[in-house]
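J.: Input: one structure, supplied below.
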Amino acid sequence: MNDILRVAIERVISWPFAFVVLCIVFRKPLLALLNEVTALFKRVNQLSLKHKETTVEARTETILQVKEVAKEGLEGELGTTAIEVATDQVQDTAALELERQSIRNYGANVASVQFREAMVKSELARVGFELNDTETTDILIRQYSVQYMVGSFEKAYRLIFGSQIAAVEFANVNGPLQENTLRIFYDSAKEREPESYATFSFEQWLSFLLNNGLLFTVDDTFAISIIGKDFLKWLIEEGLAKNKSL
């Protein structure tokens, strides 16, 4: 048993020792090989960087050429304004493509979104709607719009004050309102809740209604919008309280 243990230990120790001896013996060739590999990596990186720079230069040159062609073709026939429009369109192409790609990628890697996509496709197939059909596209756009509307209403309701809902309701019944009339709703709420309104100005109060599309300006007045009307209907359908605090 002792002999077996001794042989095992000698074998385990012998491999690291042999490796160290080999490294010492072949130190110079190994260093030379390492230097060559390092130099090779440097050359590859330089070529890659040069390729990227060349690609960027080529794209820039292409855009300049397109601008020049547009200028030569339009200068005599359509005038300076048309040239400016054409060149602006060329400049906007890259930005537009980035925006399109962003839309394509939106939610693409979210597991729950992928699960919902599969459910939608399955439901469409069940009721006989082809994915590439125009009617299906219209239905999906409408469904998206409904979900967007509900999402915006839910967000607005979380943040809206009762005084703002009252102002929107009053505008719905009485038509466009003067700013002084809206201030009555704000001042009344501020009087009831002075601490809450201490850092919340009338301008912020009114901007919330405008930015969320519940009211819109008509000359010097403020009228309820179609979004505001549907928001009030949504509150009733969902059974949500209108007399929120503040």
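We did not get these values from a lab; they are worked out from the coordinates using the rules stated. Because the structure is a prediction, the values reported are computed rather than measured. Here the Cβ positions follow ideal geometry from the backbone for every residue, glycine too, while neighbour counts run over all protein chains shown.
J.: If a residue must be within 25 Å of the chain's Cα centre (by Cα) and not in a helix (DSSP H, G or I), how many such residues does the stretch 108-130 contain? Spell out how you get there, then give the answer.
T.: From the stretch 108-130, those within 25 Å of the chain's Cα centre (by Cα) are 108-121; that's our starting set.
Cutting the leftovers down to not in a helix (DSSP H, G or I) gives us 108-110.
Residues in the stretch 108-130 being within 25 Å of the chain's Cα centre (by Cα) and not in a helix (DSSP H, G or I): 3 in total.
J.: Is it the case, given these coordinates, that Leu210 is assigned to a loop (DSSP other than H, G, I, E, B) and surrounded by fewer than 16 Cβ atoms within 10 Å (Cβ to Cβ)? Walk me through how you get there before you give the answer.
T.: Details: assigned to a loop (DSSP other than H, G, I, E, B): no; surrounded by fewer than 16 Cβ atoms within 10 Å (Cβ to Cβ): yes.
For Leu210, the condition - assigned to a loop (DSSP other than H, G, I, E, B) and surrounded by fewer than 16 Cβ atoms within 10 Å (Cβ to Cβ) - is not met.
J.: So how many residues does the stretch 213-237 have that are surrounded by fewer than 13 Cβ atoms within 10 Å (Cβ to Cβ) and more than 20 Å from Arg158 (Cβ to Cβ)? Spell out the reasoning first.
T.: At the first step, the residues of the stretch 213-237 found to be surrounded by fewer than 13 Cβ atoms within 10 Å (Cβ to Cβ) are 217-220, 226, 233, 236-237.
Checking the rest, the ones that are also more than 20 Å from Arg158 (Cβ to Cβ) come to 217-220, 226.
Residues in the stretch 213-237 being surrounded by fewer than 13 Cβ atoms within 10 Å (Cβ to Cβ) and more than 20 Å from Arg158 (Cβ to Cβ): 5 in total.
J.: Here is a further query. If I filter the stretch 157-180 for residues that are under 28 Å from Met119 (Cβ atoms), of a type outside the set (Val, Ile, Thr) and loosely packed, with under 13 Cβ neighbours inside 10 Å, do I get at least one hit? Break it down into steps so the answer makes sense when it comes.
T.: Of the stretch 157-180, the ones under 28 Å from Met119 (Cβ atoms) are 157-158.
From what's left, of a type outside the set (Val, Ile, Thr): 157-158.
Cutting the leftovers down to loosely packed, with under 13 Cβ neighbours inside 10 Å gives us 158.
Yes, the stretch 157-180 contains at least one residue that is under 28 Å from Met119 (Cβ atoms), of a type outside the set (Val, Ile, Thr) and loosely packed, with under 13 Cβ neighbours inside 10 Å.
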